[in-house]
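> Below is the structure I would like to discuss, written out as C-alpha cells.
The values are calculated or read from the model by the stated rules, or taken from the named source; none is laboratory data. Everything quoted here is computed from the prediction, not taken from an experiment. Counting neighbours? That spans all protein chains shown, and the Cβs are built from the backbone with ideal geometry, glycine included.
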Amino acid sequence: MNNIVYKDRHVTVFQSALFQTNSTVVEMEDVVLVVDPAWLPDEVIAISNYVEKIRCKRELFLVFTHSDYDHIIGCGAFRPDKVFMSRAMVENPDKELRLQEVIEFDDAYYIKRPYPAVYPQADFTIFRDAVQYRHHSTKMTFYLTPGHTADSMMVVVWQIGLCIAGDYLSDIEFPVIAHSSVEYEISMNKLLAIHDRNWFTRLIPGHGSLSLSINDWLQRRTESLSYIYALREHIATGVAIDEAALWARYHFPLSQKKVHSDNIELMRREYEQGLWTWRPAESTGLNVELTEQDDQE
C-alpha cells in the first residue's frame, strides 16, 4: 500500500485514509525519525517496511507529538533505539484509556494487527521548551504546546527547516480543543518565537495537507486564532457564529459539528470559571525567552 503524499531527499509523509492522518519519516545522515505512525495495519506496516528498507545501519528514533490514540496506534510495529515524548505524555493519568481506545477501535472494525497494542515508553522526556537532542550531526529541538491536549509538543529538525506540529495548523479541521483554549492560544503565539529561533519553512500538521511555506502556516495560525476568538465572542456576548463561513472553510461538517459543539462547551466552562483574563505578553509567548537545555546525545 503506497499512501505517500510527499517525498523529498529527507522527508517522506504517509497519509492514512482515515482523517487524512500524517505519519512522517525523516531520513538524516545518521538517524531515521518516525513521528506518529498511524492508522490501519497495512498503512503502519507499509511505514515500517519503508523504514527498514532505507534504514541501513542507522539508529531509529520514534517521536510522539501527543497521546491521542490515533497517534500512538502504530507504536507496537517498531523497535526503536529511542522514543521521545513530553513529560506530560509520560505522566498522562489516562494512558490506560488511550490504550483502551486503540483496542476498542480495532474491535469495532474487526481489525487484527500483526503487532501489539502498546502505550509508548519514553527514553527521552521533554520537560520544558527548547530542549535539544543531538545525534551526531542531527539536531532536534522540542517545544511544549498544550491546548489540543495537555501533553502536546512540536519538534523542529534544524538542518532541514522542518517543524512537525502534531494536531495543530491543519487545513482540513479547525482547532480541536480537548484541553484548554487558553493554552491553545499561548501555543499558537509561541509558534512565532519557535520560528524566530529555528527558522523553519515547512510544517507538517497531524491531519491534512502539508504547509510548505511560511505564509501558508502563518495563515493557518491566523485562522486558528480567529476561530477561538469567534467562539469566545459568541459565549461572552451572544454574537452568532457564522456557521456558513465555518463549513465553507472546513468541508466535513457531519463529523466536525460534534467537535465544534464540544469546543463551545469546554470554552463556556472556561468563561464561567473566569479563565479568559488579560495576561502579559510574555505569558502568551509573544515575547517568550526560549532557552536551550544542554545538548544531549
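> Return yes when Q20 is under 16 Å from the mean Cα position of the chain (by Cα), surrounded by fewer than 19 Cβ atoms within 10 Å (Cβ to Cβ) and not charged (D, E, K, R) and no when it is not.
Here the answer is yes, as Q20 does meet what is asked.
Condition check ((1) exposed (fewer than 12 other Cβ atoms within 10 Å of the Cβ); (2) in a helix (DSSP H, G or I); (3) basic (K, R)) across all residues:
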| residue | (1), (2), (3) |
| --- | --- |
| A88 | no, yes, no |
| N92 | no, no, no |
| Q100 | no, yes, no |
| D107 | yes, yes, no |
| K112 | yes, no, yes |
| Y115 | no, no, no |
| A122 | no, no, no |
| T125 | no, no, no |
| D129 | no, no, no |
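> Run S209 past the list (1) on the phi > 0 side of the Ramachandran plot; (2) surrounded by 15 or more Cβ atoms within 10 Å (Cβ to Cβ); (3) of a type in the set (G, A, S) and report the number of the one that doesn't hold.
Of everything listed in (1) on the phi > 0 side of the Ramachandran plot; (2) surrounded by 15 or more Cβ atoms within 10 Å (Cβ to Cβ); (3) of a type in the set (G, A, S), S209 misses just condition (1).
> Moving to a separate point now. Among the strands (runs of 3 or more DSSP E) confined wholly to region 1-67, which include 3 or more residues that are in contact with a Lys or Arg (Cβ under 9 Å, 6 or more places away or on another chain)?
59-63
> Another question about this same structure. Here are some residues: D171, D216, D167. Which one is of a type in the set (D, E, K, R), at pLDDT 95 or above and under 16 Å from F14 (Cα atoms)?
On inspection, the qualifying residue turns out to be D167.
> Moving to a separate point now. What residue, among those in region 135-158 that are over 28 Å from P175 (Cα atoms) and either in contact with a strand residue (DSSP E or B) (Cβ under 7 Å, 6 or more places away or on another chain) or modelled with pLDDT of 95 or more (or both), is surrounded by the most Cβ atoms within 10 Å (Cβ to Cβ)?
Checking each candidate, the answer is T138.
> Every residue in region 77-117 that is of a type in the set (S, T, N, Q) and in contact (Cβ under 8 Å) with a residue 12 or more places away in the chain, please.
The answer is S86, N92.
> While we're here: Can you pull out the residues in region 63-76 that are crowded, with 20+ Cβ neighbours inside 10 Å and either touching a residue at least 60 places away in the same chain (Cβ under 8 Å) or farther than 17 Å from Q15 by Cα (or both)?
Matches in region 63-76: V63, T65, H66, S67, D68, H71.
> Sticking with this one: Filter region 212-240 down to the residues that are in a loop (DSSP other than H, G, I, E, B) and small (G, A, S), then identify the one that is surrounded by the fewest Cβ atoms within 10 Å (Cβ to Cβ).
Top of the filtered list is G238.
> Here is a follow-up. Only residues in region 217-245 that are of a type in the set (D, E, K, R) count as the first member; pair them with residues that are surrounded by 15 or more Cβ atoms within 10 Å (Cβ to Cβ) and not in a helix (DSSP H, G or I), Cβ under 7 angstrom, at least 6 apart or cross-chain, and list the lot.
R220/L169; R220/D171; R220/S211; R221/L169; R232/W276
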